[in-house]
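The structure under discussion appears below in the form of structure tokens.
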Amino acid sequence: MFDYIWLVPVFPAIGVLINGLLGRRIEAVSKHLIHWIACGMIALSFTVTCVIFYQLLQLPGDQRFYQVTCLDWIQSGVLQTYIAYQIDPLSMMMAMFVIGIGFLIHIYSIGYMWEDEGRYYRFFVYLNLFMFSMINLILANNYLLMFLGWEGVGLCSYLLIGFWFDDEANAIAGKKAFITNRVGDFAFLIGMFLLFTGLGEHGVWSLQFSEVFTHVHYLSQSQATMICLLFFIGCTAKSAQIPLYVWLPDAMAGPTPVSALIHAATMVTSGVYMISRSNVLFSMSPFAMGVVATVGALTAIFAASIGLVQNDIKKVLAYSTVSQLGYMFLGLGVGAFAAGMFHVLTHAFFKALLFLGSGAVIHSMHHAYHKVHCHDDPQDMRNMGGLKAKTPITFWTFLIATLAISGIPGFSGFFSKDEILWQAWSSPQGSWILWLIGAVAAGMTAFYMFRLVFMTFFNECRAGEACEHIHESPPSMTGPLCVLAFLAAVGGYLGVPHALGGSNLFHQFLEPVMGLGDGKLLHDATQAASHGVEHAAQAAGHLMHAAAGHVAEAAGHAAEGAEHGGESMFMEYLLMVVSVALACFGILIAYIFYIRKREIPAALAEKYSFIHRLLLNKWYVDELYDLVIISPLRGFAYFLWRGVDVGVVDYIVNGVARVVGWGSSVVRYIQSGYVQSYAVSVVFGTVVLLAYYFLKAL
Amino acid sequence: MNQLGFPIISLVAFFPIFGVLILMLIDKKAEDTLRGTAMVFALIEFFISLPLLFSFQNGIAGMQFVERYNWIKSAGLSYYVGIDGISLWIVMLTTFLTPICVLCSWTYIQKRVKEFMICLLLLETAMLGALVSLDLILFYVFWELMLIPMYLLIGVWGGDNRIYAAVKFFIYTAAGSVFMLLSIFYLYYLNYKTTGVFTFDLLELYKLNIPVSVQFWLCTAFFVSFAIKVPMFPLHTWLPDAHVQAPTAGSVILAGVLLKMGTYGFMRFAIPLFPYATKQFTPVIATLAVIGIIYGALVALIQPDMKKLVAYSSVSHLGYVMLGIFAFNMQGVEGGLYQMLNHGISTGALFLIVGMLYERRHTRMIKDFGGIARVMPIYATFFMIATLSSIAVPGTNGFVGEFMILVGAFRSLPVYAIFATSGAILGALYMLWMYQRVMFQPLDKEENKVLKDLNLREIVTLLPLAVLVFVMGFFPGYFLRKMDASCEYFLKNYQQKVAFYEKGLEDGTSRIETVLEENNLRRTLD
């Protein structure tokens, strides 16, 4: 019944082909046609997705799983891979919001990129190509096709970061993104190879999720841990976690719609999606889960600390994205897969909104500066201020997103972030340290986000004479802002926790896929592991049953949770209050620092100049990588070329030639051309021969 | 003997000679006529090679379209040609790349056009001949024949240091071949001693039981000869010089087909003839292949010259091919074969691309460029496609080959495979860094601001390659299914023979005499 799923990726591909091959001609005729084609294709794709989603909802929970094979792909001997798609709650949830937000950002790009002469079509080709890759990543039913999307989105990210390639910094940032992602992809590939070697003997050569997860119990504990860690390294690159996060802040060099779509809402969350998708696998390895949680928590607070002092509006948001992604991994790592995915969803709404809002601000600033021929940086918050009155729609929507990300009760971010924090505290894998780190990071988030809002929208305008020219962006830009603002405000009600009297629809929906996660499976697997392989197999088998999806069981869980009674409920409320209080404290400080007593930040920066410099320069991680990895590599390469290639190998080769040449030049003298000397040789030779025989005869 | 009923292989192999004869009759001043005639012949050649592809039968492991005539009967020499799943695609690649080479030389070659085109067509016949020969001497004749036109292409139409490069190329390769010739004669002798028949028939010699100690030396000779051609580290230093000095068409043919002769030689000759020695050598070859992958990539990283960079990337890519073949499983071998085609296409395209820029600016130094994408957007697109194929982004042909090779390698040589996989990172590093410095960044040099984008001829030259990149990336099945039967047979044969030799060694029959006495066993291996 879902056989037409291939339409979803094919529509954007058609857009790529039309605009890619004919774009220059079309743009010469009519610029409108370009975006009509590009946005139209995404709209069609979204429509198909909605129909599929609706059909899926009609099915009972345990039947919400369908696979469609479209094409044979790489097949050789036992290796059998297909281009095939999978429809289940997780993939459709992702597809819905990715394509939906993608569509909004396509619309927004019309206004934002309109004045980019000669490259307008190219921008939309890349955006469509990105959608194509991202859809493949999400809908794939096997790791290999997922990898196609995985590298494909990386490629588009590279192309779009370097979109304004005339500036060397942009080109370098694009390359950095691609290379860093390649490091992660390297680990991803090795992980897939390990899956082959681990499961190949049991006949799993397709990398298909359903097959891998039903055979996962054949993997030994150490194999599972290795595979999970390798996959997670892949995620640290794609989803910008320590230690491979370094590309994301630089990626802000791209046009702002790109930052919103790729580097905030969709692509960077694919790591979270991948781990959620592999929850069966990860649940096999408590150690890997622990690593995921720890890295996530550390990234959350580390990136937030850098965000505190940045002055570029997009850089603040970039570090905030890194930090929020850290939360998601924290959630996954403590086994709260559904909670992690929930934060992916809400984050997509409010972070896309924040970026698009900042894009609107930059757009307005840029125009104003352009009018007065000023070359100041339109992204520097120190040049902004007082935009509240001049760009009201942008301000209000931006404020909603800021409240959401700060975790103010009622807005979407509150529900998802609090759920993660609660799980970090309460799940068997959690601990109070993880919670504390998360809660402190939440306070910091509230601070730097309100710092951004106060610096940008409040106080007086600091843009000089350009101030008069700042005005609101066109409707194609403000329209998507309003839609996203609505989603950022209410999106959280999809998953109101039981503690607050909700029914957590979101969890229920994902239950068939995540049944194994959320701590339960993990616990079983851990126990089983200690009892030996056989038990592990049983436990995994049991978990697979759960994966088949029993909504009823899920409901039972909920009831069980309720029975646990007042104590844990009280704890949950308490933690909620603490984290909200921390957020409010952050906002208060930001208010004092940036509205009331604006001399404080400068004074603090001077007093603790070492820490300030450290944060401002992002803990010098880029410099460190350069010193430890890149420079030595380049030096080594130079040594190989000049030292080994030219100095040794070619020296020997040419040396042999020279020795032969020298030998011939010596022997050459024998062939002098003088008959006399030949005669002498003949005589001499005869004498020697005669002497030889004469002596022998004696 | 042949599903088409007429000697199609001979027609394909010698048709370019017919073109050479016609070209000889044309006045050497009529340059456009010469170019046009060469182009027509190269195109017809491609079209008459298509029946090979279409009537090739997928399920058959053995040779197809076989032709066999006695040449010198008393010496056991014969004209014996045929195609199987291993050689089919390289033959097709050859006939596919030749018209592209003629097209890319249209304005690039301005002196001695007549001789250039003759060399190109002659080279095509030599390459095709070497690929279809099933008689060792016939093969050797074509193998050496390839050197002469290539030597001339580099030496006459090359860059400033062309003589050094041409001589280096010639001597390196010829030196390797000499050992191979000696081994061929020894095989001939050994076969006579065992069976009493004089023959250079490759398929007959496959059946020969070669004493282990002798096998070791013969194998070494073949390996060295082919390894130089591949080229494998540390026998690769002729390649960068040859590539840099060669004209574009020369580089394309050199990278596209000539290097494949080495890897093809391993699969067709060295491995099936000397399976036991091959097995002993596997760790050595795999190590050298992995060193080649990483070494080639690292050296490519810091090249200031675009063409040299691409040349070193070839060393890296061919390392993958070798690793795949020496994984000795379906994924590795088929991946290796696939990667040979990929390399012909992606590296061929990269040489064309570098050549087009060179023709405009007369420099290949990376530092002389920057921001070219601004003035040459179509060129930038092709360059990007070739780059993606070269760094094996999924969806392009490069990924299919590299993935299969690595899967294969991981199954039999996991540690090597992990190191080889790191080549993927380095590959992206050197290619994207070059792309960034040439195509992106500010357009700050006056000479570059007036560069013209590709003309129609150049687009036509690159388009088939660009299309193939994606076709082979998404539909590898069409290509792989034609290789299946032959690759399976290749592996089965290898494994059986290795098992046979190992059993012989266990039974204490490692001495020459005893193994030779067990000749009756060898017929059972068919």
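Observations on the model:
- Within the range B:160-172, at least one residue is within 14 Å of chain A (Cβ to nearest Cβ), surrounded by 16 or more Cβ atoms within 10 Å (Cβ to Cβ), of a type in the set (D, E, K, R) and out of contact with any Gly (no Cβ under 8 Å at 6 or more places or on another chain).
- Residue within the range A:168-188 that is aromatic (F, W, Y), surrounded by fewer than 24 Cβ atoms within 10 Å (Cβ to Cβ), more than 13 Å from the chain's Cα centre (by Cα) and outside any helix (DSSP H, G or I) present: no
- Pairs, first closer than 13 Å to B:A392 by Cβ in the range A:137-150, second part of a helix (DSSP H, G or I) and polar (S, T, N, Q), C-beta under 8 Å, six or more apart: A:L148/A:S133; A:L148/A:N136
- Test: residue in the range B:182-195 that is within 14 Å of another protein chain (Cβ to nearest Cβ) and within 30 Å of B:G256 (Cβ to Cβ): no
- A:S427 of a type in the set (S, T, Y) and within 18 Å of A:S276 (Cα to Cα): yes
- On the stretch given as the range A:72-88, residues that are in a strand (DSSP E or B), at the interface with another protein chain (Cβ under 9 Å from one of its Cβ atoms), out of contact with any Cys (no Cβ under 7 Å at 6 or more places or on another chain) and aliphatic (A, V, I, L, M) total 2.
- Taken over the range A:565-588, the criterion of being buried (at least 17 other Cβ atoms within 10 Å of the Cβ) and of a type outside the set (S, T, Y) is satisfied by A:E572, A:L575, A:M576, A:V580, A:L582, A:A583, A:G586, A:I587.
- Residues being surrounded by fewer than 23 Cβ atoms within 10 Å (Cβ to Cβ), among the β-branched types (V, I, T) and more than 14 Å from chain A (Cβ to nearest Cβ) - total across the range B:272-299: 4
- Of all residues in the range B:423-477 being among the aromatic types (F, W, Y) and surrounded by 20 or more Cβ atoms within 10 Å (Cβ to Cβ), the one that is nearest to A:F147 (Cα to Cα): B:Y430
- Reported count of residues in the range B:1-37, each being in a helix (DSSP H, G or I) and either over 23 Å from the mean Cα position of the chain (by Cα) or not small (G, A, S) (or both), is 23.
So that you can scan it fast, the table gives a plain yes or no per residue for (1) crowded, with 24+ Cβ neighbours inside 10 Å; (2) touching a strand residue (DSSP E or B) at 6+ places or on another chain (Cβ under 7 Å); (3) more than 8 Å from every other protein chain (Cβ to nearest Cβ); (4) not in a helix (DSSP H, G or I):
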{"residue": "A:G118", "(1), (2), (3), (4)": "no, no, yes, yes"}
{"residue": "A:Y121", "(1), (2), (3), (4)": "yes, no, yes, no"}
{"residue": "A:F124", "(1), (2), (3), (4)": "yes, no, yes, no"}
{"residue": "A:L127", "(1), (2), (3), (4)": "yes, no, yes, no"}
{"residue": "A:S133", "(1), (2), (3), (4)": "yes, no, yes, no"}
{"residue": "A:G152", "(1), (2), (3), (4)": "no, yes, no, no"}
{"residue": "A:L160", "(1), (2), (3), (4)": "yes, no, yes, no"}
{"residue": "A:D166", "(1), (2), (3), (4)": "no, no, no, yes"}
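- Wholly enclosed helices (runs of 4 or more DSSP H) of the range A:326-431 bearing at least 1 residues β-branched (V, I, T) and buried (at least 24 other Cβ atoms within 10 Å of the Cβ): A:337-371, A:392-406, A:412-426
- Scope the range B:357-414; condition among the hydrophobic types (A, V, I, L, M, F, W, C), within 13 Å of chain A (Cβ to nearest Cβ) and under 21 Å from the mean Cα position of the chain (by Cα); matching residues: B:L388, B:I391, B:A392, B:F399, B:V400, B:F403, B:M404, B:I405, B:L406, B:A409
- First in the range A:625-650 and within 7 Å of chain B (Cβ to nearest Cβ) and more than 17 Å from B:P240 (Cβ to Cβ), second anywhere and modelled with pLDDT of 80 or more and surrounded by 15 or more Cβ atoms within 10 Å (Cβ to Cβ), Cβ under 8 Å, 6 or more apart: A:R634/B:L301; A:R634/B:I302; A:F636/B:L298
- Residue identified as over 24 Å from A:Q310 (Cβ atoms), modelled with pLDDT of 80 or more, of a type in the set (D, E) and part of a helix (DSSP H, G or I) among A:E572, A:E567, A:E623, A:E534: A:E572
- Residue list for the range B:215-233, filter: away from chain A (no Cβ under 14 Å) and either out of contact with any helix residue (DSSP H, G or I) (no Cβ under 7 Å at 6 or more places or on another chain) or not in a helix (DSSP H, G or I) (or both): B:W217, B:T220, B:V230
- Selected residue (only one of A:M146, A:M96 is part of a helix (DSSP H, G or I), at pLDDT 90 or above and away from chain B (no Cβ under 12 Å)): A:M96
- Condition met for A:I138 (over 16 Å from the mean Cα position of the chain (by Cα) and β-branched (V, I, T)): no
- Highlighted here are the helices (runs of 4 or more DSSP H) found entirely within the range B:234-328 that include at least 3 residues which are touching a residue at least 24 places away in the same chain (Cβ under 8 Å), more than 20 Å from A:V649 (Cα to Cα) and within 19 Å of the chain's Cα centre (by Cα): B:248-253, B:259-265, B:306-325.
- Looking only at the range A:17-38, and only at residues there that are surrounded by fewer than 22 Cβ atoms within 10 Å (Cβ to Cβ) and closer than 20 Å to A:G149 by Cα, the one that is modelled with the lowest pLDDT: A:G20
- Checked against the criterion of being outside any helix (DSSP H, G or I) and touching a Ser or Thr at 6+ places or on another chain (Cβ under 6 Å), the candidates B:I86, B:I100 yield just one match: B:I86.
- Of the residues B:T381, B:T387, the single one that is out of contact with any Phe, Trp or Tyr (no Cβ under 7 Å at 6 or more places or on another chain) and either under 19 Å from B:V467 (Cα atoms) or not in a helix (DSSP H, G or I) (or both) is B:T381.
- Members of the range B:223-236 found to be among the β-branched types (V, I, T) and either crowded, with 24+ Cβ neighbours inside 10 Å or out of contact with any Phe, Trp or Tyr (no Cβ under 8 Å at 6 or more places or on another chain) (or both), listed by number: B:V230
- Of the residues making up the range A:598-611, none is closer than 30 Å to A:L403 by Cα, within 32 Å of the chain's Cα centre (by Cα) and touching a residue at least 40 places away in the same chain (Cβ under 8 Å).
- Those residues of the range B:378-411 which are surrounded by fewer than 24 Cβ atoms within 10 Å (Cβ to Cβ) and at positive phi, in sequence order: B:G395
- Of all residues making up the range B:418-453, the number that are more than 7 Å from chain A (Cβ to nearest Cβ), in a helix (DSSP H, G or I) and in contact (Cβ under 8 Å) with a residue 12 or more places away in the chain: 15
- Selection count, the range A:451-480, where residues are in a helix (DSSP H, G or I) and either of a type in the set (S, T, Y) or touching a Leu at 6+ places or on another chain (Cβ under 6 Å) (or both): 5
The values are calculated or read from the model by the stated rules, or taken from the named source; none is laboratory data. Remember, predicted model here, so these are calculated numbers, not experimental data. A quick note on method: Cβ atoms are made from the backbone with ideal geometry, for glycine too, and the neighbour counts reach across all protein chains shown.
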